[in-house]
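Peer 1: Here it is: the structure, laid out below.
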Amino acid sequence: MTDLSLQEKSQEHLGTTSAARWWTSFALLGALLFAAGDLGLRLFYHPDPLESPYRSWIVSALADYPKMPPKPKIAIFGSSLVVATVNDGDATTLGQEIDGTTHHRSITLERALAGTAAQGPTTQSFAIGGQMASDAFAILNTLFNNSDPKIKSCFSLPATIVWGIAPRDLMDATFLDPYSSTTVSYLDKLTEKHDSLGTRKFYFWRYLEELADNCFYSYGQRDHFLVLQKQTMYSLLGILGLIRPEEMGTVKTPQELLRIARRELPEDNGLRQWMVKPQTQPISQFEDNSKEYTARYNPFKQKLFDTQMAYLDKFLALARQLGIKVLLVNMPLTRDNLALIPAGKYQLYLDSVRRAAAANDAAFIDYNDDKTFTREYFNDMVHLNGYGSRRFFQMVGDEIKKLNMPI
């Protein structure tokens, strides 16, 4: 009976050992298959680095950058004030509706610079709603100061930059930190060290993620797999006849629902989502956005202002280093909007921007004189309407020619 008990124990031990070996072999086989698959992807799968599963404003600006010559000679930067000026100005100049999601040039400025020539220099707008000075620097640093040959081959240095700047770009109290913006988060993926601003501090969990990106090629391509998933979904919908080819990538969600979605979901703009109509008559109803700008201007955060001014200085210094001429344009605002800025802070902003421009050999013009752009040229407290936008870029064109800036 004792011998039988020992025999049973021996068989049980052998069974346990066999199971352990089986699981070990299974795990090793899985690891080898993963390594082989990862190596295969590394060798044969090289997607466009600019691709993203979500069409944010920065993604669309880069996606719409001309693939073939002539490359843009003038780059345009700024927040929604400049976005509106580009889109409303061109819609009014052309007399037709344009898609603000895909329109990233100023035809009005190009025509102003063309003079008697058939065609003026091409332009590219990197203006994005909510753009801060840190976002502008991240764009300049990533696209035009990048050692990656793939990025260098896509983008060529502009001769001149026009940056329509305003107080909010340096003192937005609702802004969290430079690395929290959609622009910087996306551009980080296009830089070798995942740091488009070059000022990121060490963070343990982010370090682990970067380590995984470098060690496992498939993990680093997770966003591109989402792109493939999205493309496959649209293709299947097309095959099933549930969506027409011209509807690919369009969004028809009501604007109110989109505003709610953007609070929780990644920014994703569909084609024909933001259509801009030409202005054909004076604005009769002036929109009141004082609540929004009261929150943006108050309270004034000195640390935030100093940080953003540092990025403005870095932007101008880098542009000078790259041989790009910069024209800083102080954007026109209404008296109602200026009244919302804490006492003395607008003058602080203006003096600081002037000093930064002078220190970095950048040109500066001030259109916020309460005379050049009166209330009739605005849609609301800060955004120019079609007539005002057209006038704005015509004046900027004259200024570029007057200053003999390269185009």
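Bear in mind these aren't lab numbers, they're just calculated from the coordinates by the rules spelled out. Predicted, not measured: the structure shown is a model, and the values here were computed from it. Cβ: placed from backbone, ideal geometry, glycine included. Neighbour counts: every protein chain shown.
Peer 1: Angle between the Cα long axis of helix 255-264 and the longest principal axis of the chain, 0 to 90 degrees, nearest 10?
Peer 2: The angle comes out near 50 degrees.
Peer 1: Order of Thr92, Thr374, Thr85, Thr102 from fewest to most other C-beta atoms within 10 Å? Please list the in-between numbers first.
Peer 2: Details: Thr92 23, Thr374 11, Thr85 32, Thr102 17.
So the residues, fewest neighbours to most, are Thr374, Thr102, Thr92, Thr85.
Peer 1: Given contacts defined as C-alpha pairs under 8 Å and at least six residues apart, what's the relative contact order of the chain, whole-number percent? List each step's numbers first, then the result.
Peer 2: Numbers: 567 pairs, mean separation 106.4, N = 407.
Relative contact order, the chain: 26 percent.
Peer 1: Let me ask you something else. What value, in deg cm²/dmol to 500, does the helix sum -39500 (n - 2.57) over DSSP H runs of n ≥ 4 give at 222 nm once divided by the residues of the chain?
Peer 2: Values: 17 runs with 211 residues, N = 407.
Taking each H run of at least 4 residues, the total per residue is -16000 deg cm²/dmol.
Peer 1: For the charge dipole of the chain, defined by +1 on Lys and Arg C-beta atoms and -1 on Asp and Glu C-beta atoms about the Cα centroid, which residue among Phe373, Leu43, Thr24 has the Cα displaced farthest towards the positive pole?
Peer 2: Phe373
Peer 1: Can I ask one more? State, as an integer percentage, the relative contact order of the range 105-176 based on alpha-carbon contacts under 8 Å between residues 6 or more apart.
Peer 2: 23 percent
Peer 1: Filter the cross-link list Lys277/Lys345; Lys189/Lys325; Lys193/Lys345 down to pairs whose alpha-carbon distance in this structure exceeds 29 Å.
Peer 2: On the way: Lys277/Lys345 35 Å; Lys189/Lys325 27 Å; Lys193/Lys345 36 Å.
Violating the 29 Å limit, Cα to Cα: Lys277/Lys345; Lys193/Lys345.
Peer 1: Moving on to the next point. Please sort by residue number the trypsin sites (Lys or Arg not before Pro) in the range 304-384 whose DSSP state is loop and whose Cβ has at most 10 other Cβ atoms within 10 Å.
Peer 2: Values: sites: Lys314, Arg320, Lys325, Arg335, Lys345, Arg354, Arg355, Lys371, Arg375; in loops: Lys371.
Filter output for the range 304-384: Lys371.
Peer 1: Run the dipole for the chain about the Cα centre, Lys and Arg Cβ at +1, Asp and Glu Cβ at -1, nothing else charged, and hand back the magnitude in debye, nearest 20.
Peer 2: Numbers: 43 positive and 45 negative charges, 166 e Å.
Computed charge dipole of the chain: roughly 800 debye.
Peer 1: Right, here's the next one. Compute the helix-to-body angle for 302-322: its Cα long axis versus the longest principal axis of the chain, expressed 0 to 90° and rounded to tens.
Peer 2: The helix 302-322 is inclined about 90 degrees to the chain.
Peer 1: Let me ask another. Taking 8 Å as the Cα distance limit and 6 or more residues as the minimum spacing, I'd like the relative contact order of the range 324-401 as a percentage. Display every interim value, and only then the final one.
Peer 2: Details: 62 pairs, mean separation 30.4, N = 78.
Once normalised by length, the contact order is 39 percent.
Peer 1: For helix 133-144, what angle does its Cα long axis make with the longest principal axis of the chain, in degrees from 0 to 90 and rounded to 10?
Peer 2: 70 degrees
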